[in-house]
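Reading through the structure tokens given below for one structure.
The values are calculated or read from the model by the stated rules, or taken from the named source; none is laboratory data. All figures in this text were calculated on a predicted structure; none of them were measured in a lab. Counting neighbours? That spans all protein chains shown, and the Cβs are built from the backbone with ideal geometry, glycine included. The protein model used for the area step is the full one, side chains on, heavy atoms only, and it has no ligands, DNA or RNA in it. Shrake-Rupley method; radii C 1.70, N 1.55, O 1.52, S 1.80 Å.
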Amino acid sequence: MKFTDFGFDPRLMEGIDASGYENATPVQEQVIPLIMAGKDVIASAQTGTGKTAAFLLPLINKIITDPHEDHTNNALVIVPTRELAVQIAQHMEGLSYFTSVSSIAVYGGGDGNAFVQEKKALSHGADVVICTPGKMMSHIKMGYVKLAGLKYLILDEADRMLDMGFYDDIMFIIDSLPKKRQNLLFSATMPHKIRELARKILHHPEEVNISISKPPEKIKQEAFIVYETQKIPLVKHLLSKKDFKSVLIFCSSKISVKQLTRDLKRARFLADEIHSDLDQPKREEVLIQFKSGRLPILVATDILSRGIDIDNIDLVINYDVPHDGEDYVHRIGRTARAAAEGSAYTFVTVKEQRKFMSIEKLLGKPVPKAIVPEELGETPAYNAAPSGGGNRNFSKPRRFQNNNKR
Ligand code: AMP
């Protein structure tokens with residue numbers, strides 16, 4: 001589903017484009033229309049599924065388009081940790097960049113200056129307040145936080161907040177809010193205590209369940225941390241190291257598919273390509289060649305990642321980091337189907353590191369990092385690049401932006 005299908009305000013669409021998002025992830029597809037329709041929602045979705053944008057986008061859109069009071073805090077996003085508050089504030093900054101929607105992150109551990117800014121924003125009224133429970137409670141107790149016009153409450157990673165002992169703080173905050181509001185609750189897991197919390201807070205909620213299937217254990221997964229220019233030489237190296245019978249290489253764009261196939265053919269590998277620029281008969285012909293084993297190497301865009309039944313693939317290479325965890329699992333699931341085992345290699349460039357880290361989080365463990373052969377030169381270190389994951393490189397989160405611009 002394209003973002004243009006949601007009917008978002010053009011200013012928000014600009015932020016979505018600038019963030020590099022094209023298609024909605026499954027959780028976004030399900031959750032966004034419900035929030036736009038004003039429903040309470042309880043969603044089980046882990047980090048890496050795109051859940052943050054799933055609530056920020058409709059929230060920003062509603063704040064732009066629905067009438068609301070200016071001098072009040074409009075939406076409260078409660079999260080377990082300071083790191084998550086900062087991360088969501090950065091998302092918010094990126095997505096709302098071309099709108100006049102204001103936001104502030106409120107979390108513990110800041111200096112006196114941060115406190116003054118938080119106090120100023122909370123007593124003046126920010127559109128979206130992203131906060132940790134303890135810090136928000138302290139502000140509310142001091143009496144200046146404008147909450148009378150608050151319309152939206154979001155609890156993110158609710159299971160983690162309860163595990164961290166924030167139940168009382170959360171209930172204190174909620175007791176200070178107007179009763180009539182839209183409530184959204186996101187949680188990676190749905191234990192009994194979360195259901196109880198939901199029963200207390202949500203009104204006739206719609207339930208969304210995005211559970212990610214884990215890849216089969218028998219797939220040997222490895223990641224190569226590389227620079228963009230090392231990718232083609234590395235593919236050639238890997239293909240010549242062992243006699244693979246059937247190799248599927250996924251690229252995120254048609255351009256990379258065409259370029260890589262051209263290079264492989266030039267180096268005398270038996271490779272062909274499949275993507276949406278080819279007509280249906282040509283696609284089928286290539287696929288038949290590949291399935292029959294006459295064509296050992298197929299380079300493809302994501303059109304091949306889901307649902308297509310090809311057995312006996314012994315190697316999948318992710319030439320680019322897949323869009324999200326779900327796509328990763330689908331892509332590497334092409335190998336080791338009928339075969340006893342298969343391998344899945346993923347190339348991760350510096351700007352894709354953050355995206356890959358969120359996929360690893362979703363998988364529940366890191367993917368082992370393979371050593372790039374010395375003759376290909378120095379490789380980058382694996383540590384999350386601050387502006388990766390398809391995000392545009394925005395400045396630090398604004399602690400407060402004047403919201404009288406509207
Ligand atoms: P989250 O699950 O909210 O932590 O998001 C995980 C990563 O996916 C973040 O780096 C987001 O910027 C990115 N992301 C979220 N939605 C999309 C989308 N529709 N297309 C591409 N990337 C996305």
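Brief remarks follow.
- In the stretch 14-42, the residues that are without any contact (Cβ under 8 Å) to a residue 40 or more places away in the chain reach residues that are near the ligand (Cβ under 6 Å from one of its atoms) and among the hydrophobic types (A, V, I, L, M, F, W, C) with C-beta atoms within less than 9 angstrom, at least six apart or across chains, in these pairs: Ala24/Ala53; Gln28/Ala53; Ile32/Ala24; Ile32/Ala53.
Condition check ((1) open to solvent by less than 20 Å² (accessible area, probe 1.4 Å); (2) aromatic (Phe, Trp, Tyr); (3) more than 9 Å from the ligand (Cβ to nearest atom)) across all residues:
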residue: Asp40; (1), (2), (3): yes, no, yes
residue: Ala45; (1), (2), (3): yes, no, no
residue: Thr49; (1), (2), (3): yes, no, no
residue: Ala54; (1), (2), (3): yes, no, no
residue: Pro58; (1), (2), (3): yes, no, yes
residue: Thr65; (1), (2), (3): no, no, yes
residue: Glu69; (1), (2), (3): no, no, yes
residue: Ile78; (1), (2), (3): yes, no, yes
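- Among residues of the stretch 325-348 being within 15 Å of the ligand (Cβ to nearest atom) and open to solvent by 10 Å² or more (accessible area, probe 1.4 Å), the one that is farthest from the chain's Cα centre (by Cα) is Val329.
- Residue in the stretch 231-250 that is touching a strand residue (DSSP E or B) at 6+ places or on another chain (Cβ under 8 Å) and open to solvent by 60 Å² or more (accessible area, probe 1.4 Å) present: no
- One residue from Pro58, Pro80, Pro67, Pro26 being modelled with pLDDT under 90, closer than 30 Å to Phe172 by Cβ and not assigned by TED's automatic domain parsing to the domain that holds Lys365: Pro67
- Subset tally (residues that are within 7 Å of the ligand (Cβ to nearest atom), of a type outside the set (D, E, K, R) and touching a Phe, Trp or Tyr at 6+ places or on another chain (Cβ under 9 Å)) for the stretch 17-38: 5
- Selection over the stretch 351-378 of residues that are open to solvent by 60 Å² or more (accessible area, probe 1.4 Å) and of a type outside the set (Asp, Glu) gives a count of 9.
- Only residues that are more than 19 Å from His323 (Cα to Cα) and of a type in the set (Asp, Glu) were counted across the stretch 219-265, and they come to 2.
- Selection status of Lys151, open to solvent by 30 Å² or more (accessible area, probe 1.4 Å), of a type outside the set (Asp, Glu) and in contact (Cβ under 8 Å) with a residue 40 or more places away in the chain: yes
- Taking the conditions (1) open to solvent by 50 Å² or more (accessible area, probe 1.4 Å); (2) under 30 Å from Glu69 (Cβ atoms); (3) in a loop (DSSP other than H, G, I, E, B) in turn, Lys214 satisfies each one other than (2).
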